[in-house]
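Q: Mind having a look at this structure? Questions to follow.
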Amino acid sequence: MKKIILLGYMGCGKSTIANKLSKNIEIPFVDLDKKIEEKVNLSINDIFEKYGEIYFRKLEHEVFIELLNSPDNLIIGLGGGTPCYANNHELLKGDNVVSVYLKASIETLFNRLAHNKSKRPLIADKSDEEMKEFIAKHLFDRSFYYNHAQYKVIVDDKTIDQTVMDIVTILA
Ligand SMILES: Nc1ncnc2c1ncn2[C@@H]1O[C@H](COP(=O)(O)OP(=O)(O)O)[C@@H](O)[C@H]1O
Ligand SMILES: O=C(O)C1=C[C@@H](OP(=O)(O)O)[C@@H](O)[C@H](O)C1
Ligand SMILES: [Mg+2]
């Protein structure tokens with residue numbers, strides 16, 4: 001069964017695009033973060049606060065493997081860190097997997113995250129100045145993992161529908 005995986009930094013649009021793509025190609029969509037929250041009945045923020053990031057990364061890897069092993073066609077919207085831990089990046093080239101890196105500039109990410117950070121514990125407490133620096137360094141460190149994706153779609157200055165159509169073209 002085919003697994004279409006969307007990956008990229010926080011704010012690049014994984015959850016949004018996966019949801020719209022699902023409606024367009026009529027394949028069910030799962031947001032990995034949401035699946036994790038459902039599994040432990042805690043928000044991402046609370047998981048980080050109560051159990052820490054290492055626990056979250058173990059859970060994230062477990063749930064990602066569960067989704068990859070499901071018998072259904074699925075679109076999976078990852079969390080921004082998923083490819084960067086537990087050798088998850090090696091799963092981006094698996095059989096029956098199509099992985100797409102939604103690549104955004106630091107400016108695009110900053111503009112989207114500046115008023116969208118409260119549910120992202122890694123940046124929730126950062127000032128705008130701190131966030132710009134953090135995103136630039138973090139994105140640099142993570143690009144090695146993101147670049148294991150089979151395809152790359154630039155999302156800057158594109159509407160949600162334009163990005164969805166870029167992915168539909170890849171899947172054709
Ligand atoms: N193509 C787009 N154009 C403008 N805003 C977008 C686009 N894609 C996503 N967004 C917005 O960016 C924010 C982050 O999107 P989200 O899907 O949560 O990203 P991710 O899951 O990659 O962190 C949301 O407010 C969303 O509405
Ligand atoms: O980049 C990261 O390490 C994270 C990204 C988040 O998902 P989004 O990319 O959907 O914000 C979520 O998994 C958690 O806050 C950690
Ligand atoms: Mg998301």
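The values are calculated or read from the model by the stated rules, or taken from the named source; none is laboratory data. Quantities reported herein were computed from a predicted structural model and do not represent experimental measurements. So basically every Cβ, Gly included, is an ideal-geometry build from the backbone, and we count neighbours across all protein chains shown. Surface accessibility is based on the protein's heavy atoms, side chains included, excluding ligands, DNA and RNA. Shrake-Rupley method; radii C 1.70, N 1.55, O 1.52, S 1.80 Å.
Q: Which residues' amide hydrogens lie under 5 Å from the amide hydrogen of Ile75, considering only partners 5 or more residues apart or on another chain, with H built in the peptide plane?
A: Under 5 Å from the amide H of Ile75: Ile4, Phe29, Val30.
Q: Here is a follow-up. How long is the gain from Asp95 to Ile154 if the chain were fully straight, where each residue apart is worth 0.36 nm and the alpha carbon distance is subtracted?
A: Gain on stretching Asp95 to Ile154: 18.8 nm.
Q: Now, a different point. Work through the residues other than Ile135 whose Cβ is under 15 Å from its Cβ and net out their charges, Lys, Arg +1 and Asp, Glu -1.
A: Overall, the nearby charge balance is 0.
Q: Work out from phi, with θ = phi - 60° and the Karplus expression 6.51 cos²θ - 1.76 cosθ + 1.60, the ³J(HN,Hα) of each residue of the range 92-106, listed in order in whole Hz, and give x for Gly and Pro.
A: Per residue, the Karplus-derived 3J(HN,Hα) values read 6, 10, x, 4, 6, 10, 10, 10, 10, 8, 8, 9, 10, 6, 4 Hz.
Q: So which aspartates and glutamates can Lys103 reach, going by Cα to Cα under 17 Å and dropping same-chain residues fewer than 8 places off?
A: Asp141, Asp156, Asp157, Asp161, Asp166
Q: Additional query: Straight-line reach from Lys50: which aspartates and glutamates have Cα under 17 Å away, leaving out those fewer than 8 places along the same chain?
A: The qualifying aspartates and glutamates are Asp33, Glu37, Glu38, Glu60, Asp125.
Q: Further question on the same structure: Please give the solvent-accessible surface of Asp95 in Å², to the nearest 10, using a probe radius of 1.4 Å with every protein chain present.
A: So the heavy atoms of Asp95 present about 140 Å² to solvent.
Q: In the neighborhood of Gly80, defined by Cβ-to-Cβ distances under 13 Å, what is the net charge if each Lys or Arg adds +1 and each Asp or Glu adds -1?
A: Surrounding charge for Gly80 is +3.
Q: Per-residue ellipticity at 222 nm for the chain, helices alone: DSSP H runs ≥ 4 residues times -39500 (n - 2.57), over residue total, nearest 500 deg cm²/dmol?
A: -15000 deg cm²/dmol
Q: What percentage of the solvent-accessible surface of the chain, computed with a 1.4 Å probe over protein heavy atoms, is contributed by carbon and sulfur atoms?
A: Carbon-and-sulfur percentage of accessible area, whole number: 50.
Q: How large is ³J(HN,Hα) for each residue in the range 157-169, as worked out from phi by the Karplus curve 6.51 cos²θ - 1.76 cosθ + 1.60 (θ = phi - 60°), to whole Hz, x for Gly and Pro?
A: Values, residue by residue: 6, 10, 6, 4, 5, 5, 5, 4, 5, 4, 6, 4, 4 Hz.
Q: Strictly over 27 Å apart at the Cα level, which of Lys20/Lys119; Lys39/Lys137; Lys23/Lys58; Lys3/Lys152 would you flag in this model? It would help to have the intermediate numbers written out before the result.
A: Values: Lys20/Lys119 21 Å; Lys39/Lys137 31 Å; Lys23/Lys58 30 Å; Lys3/Lys152 16 Å.
Violating the 27 Å limit, Cα to Cα: Lys39/Lys137; Lys23/Lys58.
Q: Could you derive backbone 3J(HN,Hα) for the range 33-48 from the dihedral phi with the Karplus parameters 6.51, -1.76 and 1.60 (θ = phi - 60°), listing whole Hz in sequence and x where the residue is Gly or Pro?
A: 4, 5, 4, 5, 4, 5, 4, 10, 6, 9, 6, 4, 4, 5, 4, 4
Q: Could you work out which residue, out of Phe110, Phe56, Phe64, moves most in a Gaussian network model of the chain, that is, has the largest mean-square fluctuation with Cα springs under 10 Å?
A: Phe56
Q: Step by step: find N for the range 76-157, compute 2.2 N^0.38 Å, then divide the Cα radius of gyration by it. What's the final number?
A: Cα Rg divided by the expected 2.2 N^0.38 Å: 1.15.
Q: Further question: Excluding ligands, DNA and RNA, what is the solvent-accessible area per residue of the chain at a probe of 1.4 Å, expressed in Å²?
A: Result: 53 Å² per residue.
Q: Counting only other residues whose beta carbon sits under 13 Å from that of Ser99, what net charge do I get with K and R as +1, D and E as -1?
A: +4
Q: Let me ask another. For the range 53-102, count the residues as N, evaluate 2.2 N^0.38 Å, and divide the Cα radius of gyration by that value, please.
A: On the way: Rg = 10.7 Å, N = 50, 2.2 N^0.38 = 9.7 Å.
Ratio of Cα Rg to 2.2 N^0.38 Å: 1.10.
Q: Write down, largest first, the equivalent ellipsoid semi-axes of the chain in whole Å, where each equals the square root of 5 times an eigenvalue of the alpha-carbon gyration tensor.
A: 23, 20, 14
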